[in-house]
Amino acid sequence: MEPKPTEDKADHLSADETLCRYREMENPNVINADNDLLHPLSAGRIQIGCVDEVNGPGGAEVPEFVPTRHELIQIAKYWIFVDLDIHFSCWLLAGSGSTEAWTSMFAARRLGRITQLLGEDVVQKAVDEAWEEFGRKCDSPELWRIWREGTREDLQAVSSLWTGDRDPDQVIDEILLRLDVQKEPKLREESIREE
């Protein structure tokens, strides 16, 4: 949908108003049951919090489709995995932004509603399975272990390494070196192939 040009100069939009309308057309703010107060925020030309699956077209509800119980469990695992990835990555990289904040809050709300429908035991089982799967897929089993059960000193050693725009692989290598841990052979072979 394109805006209609106007002949009347009184209807002329400023650059900021034009940009705002363009953003609304490109990324409309979608209202759903779980995104209250998770809408994009604007200050002039700066806009934060535009997250497709939270408040954009990807967040639109589809009331004509009702998920089965099995599908709800899969949806729960998806949001658990997304939230876990956010928290792990933010810890490792020592930073976050509006996308992570909005998505994490949205995930918690989705999980809360699913828990009300299916019960805590079912969702806790999904949590356990998602954590296990995330650990299997994690590039560094040692970092995953430290994040889950490391000492305060381990956690501080990892968190203190991230400074500025450094290559994540280099940071992980430094973390493992400082912790006197070697990569598993599989990971070492992959990194050699990539070079």
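Readers should treat all values here as calculations from the given coordinates under stated rules, not as data from a laboratory. A quick note: this is a predicted structure, and the numbers were derived from the prediction, not measured. Methodologically, a virtual Cβ is constructed for each residue, glycine included, from the backbone with ideal geometry; neighbour enumeration extends over all protein chains shown.
Potential lengthening of the chain between GLU153 and ILE46 amounts to 34.7 nm, from the contour at 0.36 nm per residue minus the alpha-carbon distance. Remark: the ALA94-ARG113 segment gains 3.9 nm on full extension, using 0.36 nm per residue and subtracting the alpha carbon distance. With 0.36 nm allotted per residue and the present C-alpha distance subtracted, the GLU132-HIS87 stretch has 14.7 nm of extension available. In terms of the mean number of neighbouring beta-carbon atoms within 10 Å, the peptides 102-110, 89-97, 137-145, 61-69 order highest first as 102-110, 137-145, 89-97, 61-69.
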